[in-house]
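The values are calculated or read from the model by the stated rules, or taken from the named source; none is laboratory data. Worth saying up front: this structure is predicted, and the values here are computed from it rather than measured. A quick note on method: Cβ atoms are made from the backbone with ideal geometry, for glycine too, and the neighbour counts reach across all protein chains shown. Heads up: the accessible areas ignore ligands, DNA and RNA and are worked out on the full protein's heavy atoms, side chains in. Shrake-Rupley method; radii C 1.70, N 1.55, O 1.52, S 1.80 Å.
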Amino acid sequence: MNKGKKLYEGKAKIIYEGPENGTGIQHFKDDATAFNNQKKATVEGKGVLNNRISEHILNNLNQIGIETHLIKRLNMREQLITLCEIFPVEFIVRNIATGSLTKRLGIADGTILKRPLVEFSYKNDDLGDPVVSKEHILEFGWIDSAETLDWIIDKCLRINDFMQGMFRGVGIKLVDFKLEFGRANVKRKILLADEISPDTCRLWDVSSEKKLDKDRFRKDLGNIIQAYQEVARRLGIIHEETNISEVKFGKPKVVNIKKK
Ligand code: UDP
């Protein structure tokens, strides 16, 4: 499928114009970044795995009535999507306290939350994606109305319920994750956008609590690709017999590391 002009290049993905008005092509790169871009590396094969894992999850969500931007996967690294104007808000859903929540509020790492917690952060790299309240979102017009915001929060919780069950069924705890939503350029519907993958979720093995997500990169734990592959295998996306060399998964190659 012919790609149109590049519309946007982010840390892990590139969006091109798609073949028809209102469509785009989302390309998954192998680049990994953390700590607001201060740590960077190329992790060979990551884009291919995230493309497959995100396709699997978004297709499953679609089947339970969550409308997403994904139209179909095109190849190893690309998906055909509905182009959206992304709301400048990240929706973080947490089931277990870890990461920035523990640092910000001094909550013990691993604390099981009585109910899922939805947090909002303002998407702004210069400000380090600060946590904001519902009132900030409405006051500054990042999302048009309280009804829309509540509707999205409801979807976040529904997605969490579904994903928690899906991962639990394959021996993985869904600790937390990030979602992005946007309004379709042409039809103006609100759609779940971006990706859901081990780059955007924290996933711990149920019995060993081994991290199967981007924390392996953030915390220099090694075996990043192996962990992402493990997630894909458990979800039944790739099989034991998959010849890894065929899909060119190599060793992670660090190109530049600048720690805080
Ligand atoms: N997350 C993400 N993109 C971001 C920030 C967070 O995908 O820009 C995900 C992250 O992978 C984790 C969850 O959201 O699954 C919560 O992240 P947290 O706020 O703890 O931030 P971090 O510790 O990564 O700074």
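Would the range 232-252 turn up any residue that is within 14 Å of the ligand (Cβ to nearest atom), open to solvent by 30 Å² or more (accessible area, probe 1.4 Å), more than 29 Å from GLU20 (Cβ to Cβ) and at pLDDT 95 or above? Give the steps one after another, and end with the answer.
Keep residues of the range 232-252 that are within 14 Å of the ligand (Cβ to nearest atom), which gives none.
Among the residues of the range 232-252, not one is within 14 Å of the ligand (Cβ to nearest atom), open to solvent by 30 Å² or more (accessible area, probe 1.4 Å), more than 29 Å from GLU20 (Cβ to Cβ) and at pLDDT 95 or above, which makes the answer no.
Among the residues examined, LYS46 qualifies as over 24 Å from ASN124 (Cα atoms), in contact with a strand residue (DSSP E or B) (Cβ under 7 Å, 6 or more places away or on another chain) and either hydroxyl-bearing (Ser, Thr, Tyr) or touching a residue at least 40 places away in the same chain (Cβ under 8 Å) (or both).
I'd like to check something: does the range 198-218 contain any residue that is among the small types (Gly, Ala, Ser), part of a helix (DSSP H, G or I) and more than 22 Å from GLN26 (Cα to Cα)? No, the range 198-218 contains no residue that is among the small types (Gly, Ala, Ser), part of a helix (DSSP H, G or I) and more than 22 Å from GLN26 (Cα to Cα). So how many residues does the range 89-107 have that are open to solvent by 40 Å² or more (accessible area, probe 1.4 Å) and out of contact with any helix residue (DSSP H, G or I) (no Cβ under 7 Å at 6 or more places or on another chain)? Summing the residues that are open to solvent by 40 Å² or more (accessible area, probe 1.4 Å) and out of contact with any helix residue (DSSP H, G or I) (no Cβ under 7 Å at 6 or more places or on another chain) in the range 89-107 gives 5.
Does at least one position in the range 176-197 carry a residue that is part of a loop (DSSP other than H, G, I, E, B), without any contact (Cβ under 8 Å) to a residue 24 or more places away in the chain, near the ligand (Cβ under 9 Å from one of its atoms) and closer than 26 Å to PHE87 by Cβ? Spell out the reasoning first.
If we filter the range 176-197 for residues that are part of a loop (DSSP other than H, G, I, E, B), which is where we start, we get 185-189, 194-197.
Keeping just the survivors that are without any contact (Cβ under 8 Å) to a residue 24 or more places away in the chain gives 188.
In the following step, the residues that additionally are near the ligand (Cβ under 9 Å from one of its atoms) were identified as none.
Scanning the range 176-197, I find no residue that is part of a loop (DSSP other than H, G, I, E, B), without any contact (Cβ under 8 Å) to a residue 24 or more places away in the chain, near the ligand (Cβ under 9 Å from one of its atoms) and closer than 26 Å to PHE87 by Cβ, so the answer is no.
Conditions (1) open to solvent by 40 Å² or more (accessible area, probe 1.4 Å); (2) touching a helix residue (DSSP H, G or I) at 6+ places or on another chain (Cβ under 7 Å); (3) free of Cβ contacts under 8 Å to residues at least 40 places away in the same chain, marked per residue:
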| position | (1), (2), (3) |
| --- | --- |
| ILE112 | yes, no, yes |
| VAL118 | no, yes, yes |
| LEU138 | yes, yes, yes |
| THR148 | no, no, no |
| ILE153 | no, no, no |
| ARG158 | yes, no, no |
| GLY171 | no, yes, no |
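Screening ARG202 on (1) under 28 Å from TYR8 (Cα atoms); (2) at pLDDT below 95 shows it passes everything except condition (2). The condition (being more than 16 Å from the ligand (Cβ to nearest atom) and of a type in the set (S, T, N, Q)) is satisfied by just one residue among SER100, SER145, SER133: SER145. For the range 104-125, give me each residue that is within 16 Å of the ligand (Cβ to nearest atom) and either modelled with pLDDT under 95 or part of a strand (DSSP E or B) (or both). Correct list: ILE112, LEU113, PRO116, LEU117, VAL118, GLU119, PHE120, SER121, TYR122, ASP125.
At pLDDT 95 or above, acidic (Asp, Glu) and surrounded by fewer than 21 Cβ atoms within 10 Å (Cβ to Cβ): does that describe ASP215?
Working: at pLDDT 95 or above: yes; acidic (Asp, Glu): yes; surrounded by fewer than 21 Cβ atoms within 10 Å (Cβ to Cβ): yes.
Here the answer is yes, as ASP215 does meet what is asked.
Listed by first and then second residue, the pairs linking a residue in the range 206-223 that is away from the ligand (no atom under 14 Å from the Cβ) to a residue that is open to solvent by less than 80 Å² (accessible area, probe 1.4 Å) and at pLDDT 95 or above, with Cβ atoms under 6 Å apart and 6 or more places separating them unless they lie on different chains, are VAL206/GLY171; VAL206/LYS173. For the subset of the range 15-43 comprising residues that are part of a strand (DSSP E or B) and among the aromatic types (Phe, Trp, Tyr), which member is nearest to ASP125 (Cα to Cα)? Only one residue tops the list, namely PHE28.
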